[in-house]
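Accompanying notes for the structure given below.
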Amino acid sequence: MLDFRIVILLLITFFVAWLAIIAYRKSRENLAFSLFVFSVGVWSLALALFYRAGSDFGNEFWGRMVYATGSLIAVFFYQFAAIFVFKKINPVWRIIIFALTIFLVYIYIFTPLFVKNVFIEGAVKGYIYGDARAIFDIYFDIYFLAGFLVLLRGLKNETDLSRRAQYFFIIIGTLIGLILASSTNIILPWFGRFEFLWAGPIGVALWASILTYGIVKHSLLDVKIIATEIFVGLMWLVFLVNIFVFASLTELIFNLALFLATLFFGYLLMKSVIKEVTQREELELLTQNLATANERLQELDKLKSEFVSLASHQLRSPLTIIRGYISMLLEGSYGALSQEARKPVEIVMSSAVALIKLINDLLNVSRIESGKIFYDFKPVVFADIVNKVLDAVKENARQKNSSLQFNNFAAQKSVWGDESKLYEVVMNILDNAIKYSSGGQIDVGLKTVKSGEKENILMSCRDNGIGISKEDIPKLFNKFTRSNEAKTAQSSGLGIGLYFAKKVAEDNGGRIWAESPGVGLGSTFFVEFPVYSGK
Ligand code: ADP
């Protein structure tokens, strides 16, 4: 029969070794912490072997090892606390601590100064201490005290909330662990009571668990990993114990082989589960990063729109003044212009007009993007809009030798829309028809068409210009899209007008589209809106 104390101690050894691995896997920065947790496991193992030892030598050796390994817990705890709070330890300090620890371990293991001997009374194993016991006991308690004070100091200066939560876990966990373990393994032994030595690691393992939880903060404590690791760990333990239950050499070899096989397959199982979970976590992290990046992009996009809007407004005012004065110059308000001067001033005028259009286009895009496009809906006679636009572009058409033809079959029918915005839509279409053709006829037609029960007004504008290829037609209404032919024919233009026109047409309950037999064969643009029936 296996001693239950040994079983508990072995279980604790496995458990804390697992905690140490979790913390280390989560972040290499947790090395100091993992060492501390790991030392708890080593101590627990030493105690298990101490209880298992049968010979005098074994009792004494493992008895001393219990103290040697226990002292390491104190040293590693202090180191962890210092690194947690100050991020690093002074290298001189580190060397001093290291040297003292080696010295201490030497005293514990090889001299009778601390442990003179071990006695056995029934099931209880106890210590007969040496002369220097108090010195070493105090020395090693100092580490705990120092670590604890360092943590308290760190907590006092910490403002970050999640770090404060970690401090909370560490300090509370340390208090619980120290009270439990020191009562069974320090205080009781001072009174010569040794029957609870084996329970010490329970308190310390609890301490290590609370700290690991605080440090790792639930994230890697994935249920699936935990379940697999506990399962595999138990399996290993069972098959490990099983090795020693044999009746013949064959059985021993068989048990050993079984254990090795469990070791191997358990390892594979654990690896695959961990891989799966880490991949999932990585994916979650990536998604999160993507979401943050997306938010940032949206923010930048908004800033850009605001900037474009602001810059356009600022540019438009002086340009409008320039256009006004040039117009007055051309009209002779400041005296007649000489024949030579007229031509360049006209060029300045048309450039100013083109520039104002560009700026208006930009402003429209930024309005669409910032959602600040407002409509003033009213019934509007569509033919009036077309006439106004025709009037505005006639000079331009004359200069390009284009003749404009308007056939109105929609009489005085109205649509429900924003007049100024609809004006811009029609203007865009007609302006393009003139811009992208070199002379020739431009036919504008207005008629009513039936769409189910409803009646629509359909405007068409046909030109004999550069035409549009099949592939380009669906793209024209996208932002900043221009066909190659358009770029060659007209270097200026941002490819925004139709994008804006589409948005306005749709917001006003209508639609816009283009047709063309192909490049060089002219094109026809259509806009369609429901007729306003007055209801
Ligand atoms: P822009 O005229 O500034 O380039 P638009 O958005 O008004 O921008 O037009 C987008 C594109 O659609 C033009 O660049 C051109 O390729 C094409 N397009 C528009 N109207 C015509 C037309 N009447 N004939 C041929 N192509 C046209």
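Each reported figure results from applying straightforward, stated rules to the coordinates on display, with no laboratory input. All figures in this text were calculated on a predicted structure; none of them were measured in a lab. Methodologically, a virtual Cβ is constructed for each residue, glycine included, from the backbone with ideal geometry; neighbour enumeration extends over all protein chains shown.
A few notes on this one:
- At an R0 of 25 angstrom, the distance between the Cβ atoms of PHE103 and ILE128 translates into a FRET efficiency of 0.65.
- Whichever lysines have a C-alpha closer than 25 Å to that of LYS224, once near sequence neighbours (fewer than 8 apart) are set aside: LYS26, LYS271, LYS275
- Each semi-axis of the equivalent ellipsoid for the stretch 391-441 is √(5λ) with λ an eigenvalue of the Cα gyration tensor; in descending order they amount to 23, 13, 8 Å.
- Chain lengthening between VAL519 and ARG193 when straightened (0.36 nm per residue, less Cα-Cα): 107.1 nm
- Quotient of C-alpha Rg and 2.2 N^0.38 Å, computed over the chain: 1.82
- Dividing the helix sum by the residues of the chain, where each DSSP H run of 4 or more adds -39500 (n - 2.57), gives a mean residue ellipticity at 222 nm of -23000 deg cm²/dmol.
- Neighbour counting of Cβ atoms within 10 Å sorts the residues SER309, SER516, SER327, fewest neighbours leading, into SER327, SER309, SER516.
- Loop-located trypsin sites (Lys or Arg not before Pro) in the stretch 141-207, at most 15 other Cβ atoms within 10 Å (DSSP): ARG193
- Charge dipole (Cα centre; +1 on Lys/Arg Cβ, -1 on Asp/Glu Cβ; no other charges) of the chain amounts to roughly 600 debye.
- Distance violations [Cα-Cα > 31 Å] among LYS378/LYS450; LYS304/LYS343; LYS378/LYS502; LYS343/LYS470: LYS304/LYS343; LYS343/LYS470
- Basic side chains Lys and Arg get +1 at the Cβ, acidic Asp and Glu get -1 at the Cβ, and with that the dipole of the stretch 121-210 about its Cα centre reaches some 260 debye.
- For the stretch 69-124, applying the loop criterion from DSSP together with a ceiling of 12 other beta carbons within 10 Å to the trypsin sites (Lys or Arg not before Pro) yields LYS87, LYS88.
- Whole-number percent relative contact order across the chain, with pairs defined as alpha carbons under 8 Å at least 6 apart: 8
- Percent of beta bridges antiparallel (DSSP, the chain, rounded to nearest 5): 80
- Theoretical FRET efficiency, 1/(1+(r/R0)^6), r = Cβ-Cβ of LYS447 and LYS470, R0 30 Å, to 0.05: 0.70
- LYS454/SER338 FRET efficiency (R0 56 Å; Cβ-Cβ; nearest 0.05): 0.45
- Segment THR481-THR287, length gained on full extension (0.36 nm per residue, minus Cα span): 66.7 nm
- Rg over Rh for the stretch 396-535 works out to 0.97, using Cα positions for both radii and the Kirkwood form for Rh.
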